[in-house]
Amino acid sequence: MKRLLIVTGGGDCPGLNAVIRAIVKRASQEKDWEVLGSIEAFNGILREPTEIVVLDEKVVAGIHYQGGTIIQTTNSGGPFNWPVKQHDGSWTTVDISDEMIRKIQYLGIDVVVNIGGDGSQRISQALYEKGLNIIGVPKTIDNDLSATDFTFGFQTAVQIATEAVDKLVTTAASHNRVFIMEVMGRDSGWIALNAAIAGGAEICLIPEIPYDIQKVIDRINSRFVKGRGFVNIVIAEGTHPIGGEPVGTKSENIGYRNFRLGGVAFKLLEDLKLAGCTHEMRATVLGHLQRGGVPLAYDRVLAAQYGVKAFEMALNEDYGKMVSYRHPEITSVTLKEAVQKPNLVTLDHALMKTARGIGICFGD
Ligand code: F6P
């Protein structure tokens, strides 16, 4: 009997369940494979008692269109950041990766499939270097992994953001207002850029292009005649003005890996006011709505392709790699290559040309 353990780590993402289902369905076509799932990323293995569940065809039936992940996820804890309470009551984090690898071997697990974004794949690479048989699957709504054309979940987030712009356009136009909508993406502007093009926004502000507030005001003003007009601005959460810093808060969750971005839409609104923008303005933060609900068909298909490929790599003992989509092929890259550099919007990207071609202002 061979055992494959699925782990879903980092922020959840539409399509996770479709990957899980595809792995289980493909595994069921082979003799003697058992698929297991660790609850809340690696924390399920690390906990005592362990929290590991059997994933068979019955368990995964019909989950392909469900959002979230049936085995849950977290971006706190993990083998390299395990929270431990100290004698004085405060918390610290320790590296218990060696212990975890021994436990995985003791449990008779032959291979781990880690479905996650850049942070999770960094963990995959570090565990692979320590001798664990591991395969990565690229997940994130941010689409910030450069070793694949698309991560699953991204298209769904873009659709949700676009529908939100569509809704804000009608209220902005009715009230002669400026609407600022903040979308996710961490350090990348892919969700913002796609939603701005698809939703017809006039201004799109992204982390890759620090903006000049005066250029933003000039574009806003150009859209109003005798007080009448409206503007929709899509801003990515990691964006900052020239010389400024991203807006967010340090998480108080012990072992939480990220700086929590959020609030840049309100900051921009205040900065616009301070810089003399007198139009009526409102800010909206789309937040986790972008990660919830059913995945689009596109993401379900991509997730199914990733799941089947991941299992076939396990079958061939093709470890230390991440599944990747390079149109039209589903292929793989080494984990080392997968985490080398993020996928950020470049000024000469085809979508940037399109965006500028339809008159979108980037504040530069
Ligand atoms: O990486 C996915 C993502 O949704 C980012 O776009 C966002 O900054 C972050 O996760 C939010 O994390 P959390 O769910 O921990 O608030």
inquiry  = Tell me the residue from Val53, Val60 that is on the phi < 0 side of the Ramachandran plot, hydrophobic (A, V, I, L, M, F, W, C) and open to solvent by 40 Å² or more (accessible area, probe 1.4 Å), please.
reply    = Val53
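Please go through region 249-294 and pick out each residue that is at positive phi and surrounded by 14 or more Cβ atoms within 10 Å (Cβ to Cβ).
Result: Gly255, Gly262, Gly263, Gly293.
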ask   = How many of the residues making up region 126-144 are within 16 Å of the ligand (Cβ to nearest atom) and in a loop (DSSP other than H, G, I, E, B)?
value = 5
key: Candidates Gly77, Gly44, Gly11, filtered to the one that is within 17 Å of Ile123 (Cβ to Cβ), without any contact (Cβ under 8 Å) to a residue 40 or more places away in the chain and surrounded by 16 or more Cβ atoms within 10 Å (Cβ to Cβ)   = Gly44
ask   = Out of all the residues in region 317-349, which are out of contact with any Ser or Thr (no Cβ under 8 Å at 6 or more places or on another chain) and among the acidic types (Asp, Glu)?
value = Glu317, Glu329, Glu337, Asp348
message = It is to be established whether one or more residues within region 193-202 are aliphatic (A, V, I, L, M), within 16 Å of the ligand (Cβ to nearest atom), without any contact (Cβ under 8 Å) to a residue 60 or more places away in the chain and crowded, with 22+ Cβ neighbours inside 10 Å.
response = yes
task = Scan region 208-265 residue by residue and report those that are of a type in the set (Asp, Glu) and more than 16 Å from the ligand (Cβ to nearest atom).
result = Asp212, Asp218
query = Of Gly243, Gly227, which residue is more than 22 Å from Gly357 (Cβ to Cβ), touching a Pro at 6+ places or on another chain (Cβ under 9 Å) and assigned by TED's automatic domain parsing to the domain that holds Thr284?
reply = Gly243
task = Look through region 220-251, keep the residues that are touching a Gly at 6+ places or on another chain (Cβ under 8 Å) and of a type in the set (A, V, I, L, M, F, W, C), and return whichever of them is nearest to Cys361 (Cα to Cα).
result = Val234
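The values are calculated or read from the model by the stated rules, or taken from the named source; none is laboratory data. The structure displayed is predicted, hence computed values, not measured ones. Because the Cβ atoms are built from the backbone with ideal geometry, glycine has one as well, and the counts that use them run over all protein chains shown. Side chains are part of the model used for accessible areas, which takes the heavy atoms of the whole protein and leaves out ligands, DNA and RNA. Shrake-Rupley method; radii C 1.70, N 1.55, O 1.52, S 1.80 Å.
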